[in-house]
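J.: I'd like to ask some things about the structure below.
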Amino acid sequence: MTAALDLDHLRGWIGRSEAASDVVTAQLVRGLRATLFMDPGTPQRGDLAPLTVHWCLAQPVAPMAALGPDGHPARGGFLPPVPLPRRMWAGGQLQFHDRLRVGDEVTRTSTITDVTLKSGSTGPLCFVTVEHVTATARGVAIRERQDIVYREAATPSSAAPPAPPASAAPGQHRRTHFADPVLLFRYSALTFNGHRIHYDRDYVTEVEGYPGLVFHGPLQAALLIEFAATLHRDTGPKTFDYRGVSPLFDGAEFSLNANETPAGLAVWTANAAGVPTMKATAAW
């Protein structure tokens with residue numbers, strides 16, 4: 001049984017901050033390009049990195065003994081110890097001030113800005129908001145808001161995900177790929193993400209109750225933002241807002257879609273049935 005959720009206690013983490021540093025290497029850029037269906041090329045010092053390379057940098061490293069049963073570091077530390085076992089990246093916003101390049105020494109400063117509790121169809125949902133500032137010697141490169149959601153463990157009544165939203169018409173611009181376990185594993189490796197829902201089929205189906213391996217939210221966002229950039233003369237947007245709306249699983253084709261709007265582009269991923277799984281807006 002999940003421990004009682006003391007919101008006042010968890011909100012005591014608001015204002016906590018930490019910093020971590022890393023270097024954008026040519027090998028990292030090459031691997032991320034390949035995973036995002038881009039030409040890996042032979043990156044040289046000073047070359048532009050993919051827009052979301054910062055999600056691969058300075059990731060927390062915990063000893064094996066300090067991992068929880070889901071493969072994440074055990075609760076506590078920088079993030080509040082939310083006593084709900086299922087944790088996922090729900091969405092966020094990116095503001096780009098400068099592009100990261102091969103060879104950049106990068107520092108990310110992270111601050112917890114909010115902890116809220118809501119009621120969902122399967123029980124309580126706890127949302128933790130983290131703001132990140134990624135900087136290089138040139139100054140601030142990216143300002144980011146990250147929304148993390150914690151949920152109850154799966155039960156016989158909640159194991160199956162809720163009915164997905166209706167399918168949507170294909171976008172004015174559309175590209176398709178196949179969601180296979182190798183793609184998910186490669187992205188987990190690039191981001192040092194041990195969350196078992198992305199690579200351990202027995203765990204994700206038998207313990208968390210999903211029908212297949214779960215496609216990473218940030219991988220969907222990374223694919224969408226690069227797709228948007230290719231539709232805008234290979235120029236990355238200044239702002240990118242995104243949110244997950246339905247789980248995406250491995251074993252089938254998925255699509256990247258885009259419609260032009262007065263403000264820029266509305267982009268989304270969709271599963272093989274055309275059901276949107278992540279929605280985003282890109283503005284220049």
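The values are calculated or read from the model by the stated rules, or taken from the named source; none is laboratory data. Just so you know, these numbers come straight off a predicted model, no measurement behind them. As a convention, Cβ positions derive from the backbone with ideal geometry for all residues, glycine included, and neighbour counts pool all protein chains shown. These accessible areas exclude ligands, DNA and RNA; they are computed on the full protein's heavy atoms, side chains included. Shrake-Rupley method; radii C 1.70, N 1.55, O 1.52, S 1.80 Å.
J.: I'd like to check something: does the stretch 104-117 contain any residue that is out of contact with any strand residue (DSSP E or B) (no Cβ under 7 Å at 6 or more places or on another chain) and either outside any strand (DSSP E or B) or open to solvent by 10 Å² or more (accessible area, probe 1.4 Å) (or both)?
T.: Checked the stretch 104-117: no residue is out of contact with any strand residue (DSSP E or B) (no Cβ under 7 Å at 6 or more places or on another chain) and either outside any strand (DSSP E or B) or open to solvent by 10 Å² or more (accessible area, probe 1.4 Å) (or both).
J.: Answer yes if at least one residue in the stretch 58-70 is outside any loop (DSSP other than H, G, I, E, B), open to solvent by less than 60 Å² (accessible area, probe 1.4 Å), farther than 28 Å from Arg243 by Cβ and modelled with pLDDT of 95 or more, and no otherwise.
T.: no
J.: Six or more apart or on different chains, Cβ under 7 Å: which pairs go from a residue in the stretch 268-281 that's within 11 Å of Ala179 (Cβ to Cβ) to one that's among the aromatic types (Phe, Trp, Tyr)? Could you list them?
T.: Matching pairs, first to second residue: Thr269/Phe254; Asn271/Phe254; Ala272/Phe254.
J.: Looking only at the stretch 204-218, which residues are without any contact (Cβ under 8 Å) to a residue 60 or more places away in the chain and part of a helix (DSSP H, G or I)?
T.: Answer for the stretch 204-218, where residues must be without any contact (Cβ under 8 Å) to a residue 60 or more places away in the chain and part of a helix (DSSP H, G or I): Val204, Thr205, Glu206.
J.: Quick check: anything in the stretch 35-49 surrounded by fewer than 16 Cβ atoms within 10 Å (Cβ to Cβ), assigned to a strand (DSSP E or B) and touching a strand residue (DSSP E or B) at 6+ places or on another chain (Cβ under 7 Å)?
T.: There is at least one residue in the stretch 35-49 that is surrounded by fewer than 16 Cβ atoms within 10 Å (Cβ to Cβ), assigned to a strand (DSSP E or B) and touching a strand residue (DSSP E or B) at 6+ places or on another chain (Cβ under 7 Å).
J.: Taking Arg233 as the residue in question, decide whether it is at positive phi, charged (D, E, K, R) and open to solvent by 30 Å² or more (accessible area, probe 1.4 Å).
T.: yes
J.: Somewhere in the stretch 207-225, is a residue in contact with a Lys or Arg (Cβ under 8 Å, 6 or more places away or on another chain), closer than 18 Å to Ala34 by Cβ and either crowded, with 19+ Cβ neighbours inside 10 Å or at pLDDT 95 or above (or both)?
T.: No: the stretch 207-225 contains no residue that is in contact with a Lys or Arg (Cβ under 8 Å, 6 or more places away or on another chain), closer than 18 Å to Ala34 by Cβ and either crowded, with 19+ Cβ neighbours inside 10 Å or at pLDDT 95 or above (or both).
J.: Also, quick follow-up: When residues of the stretch 171-192 are filtered for being within 22 Å of Arg30 (Cα to Cα), assigned to a loop (DSSP other than H, G, I, E, B), out of contact with any Gly (no Cβ under 8 Å at 6 or more places or on another chain) and open to solvent by 20 Å² or more (accessible area, probe 1.4 Å), how many remain?
T.: 1
J.: Right, next: Starting from the stretch 40-52, take each residue that is on the phi < 0 side of the Ramachandran plot and list its partners that are small (Gly, Ala, Ser) and part of a loop (DSSP other than H, G, I, E, B), counting only C-beta distances under 6 angstrom and pairs at least six apart or across chains.
T.: What qualifies is Arg45/Gly103; Leu51/Gly236.
J.: Filter the stretch 20-34 for residues that are touching a residue at least 60 places away in the same chain (Cβ under 8 Å) and exposed (fewer than 13 other Cβ atoms within 10 Å of the Cβ); which is farthest from Arg75 (Cα to Cα)?
T.: By that ranking, first place goes to Val23.
J.: From the set of residues in the stretch 77-97 that are assigned to a loop (DSSP other than H, G, I, E, B) and open to solvent by 30 Å² or more (accessible area, probe 1.4 Å), which is modelled with the lowest pLDDT?
T.: Looking at residues that are assigned to a loop (DSSP other than H, G, I, E, B) and open to solvent by 30 Å² or more (accessible area, probe 1.4 Å), I get Gly77.
J.: Right, Ala154: open to solvent by less than 60 Å² (accessible area, probe 1.4 Å), modelled with pLDDT under 95 and hydrophobic (A, V, I, L, M, F, W, C) or not?
T.: Yes.
J.: Now, a different point. If a residue must be over 16 Å from the mean Cα position of the chain (by Cα) and among the aliphatic types (A, V, I, L, M), how many such residues does the stretch 220-255 contain?
T.: Residues that pass the stated criteria total 4.
J.: While we're here: Out of all the residues in the stretch 193-206, which are in contact with a Gly (Cβ under 6 Å, 6 or more places away or on another chain) and open to solvent by 50 Å² or more (accessible area, probe 1.4 Å)?
T.: Selection gives Arg196 alone.
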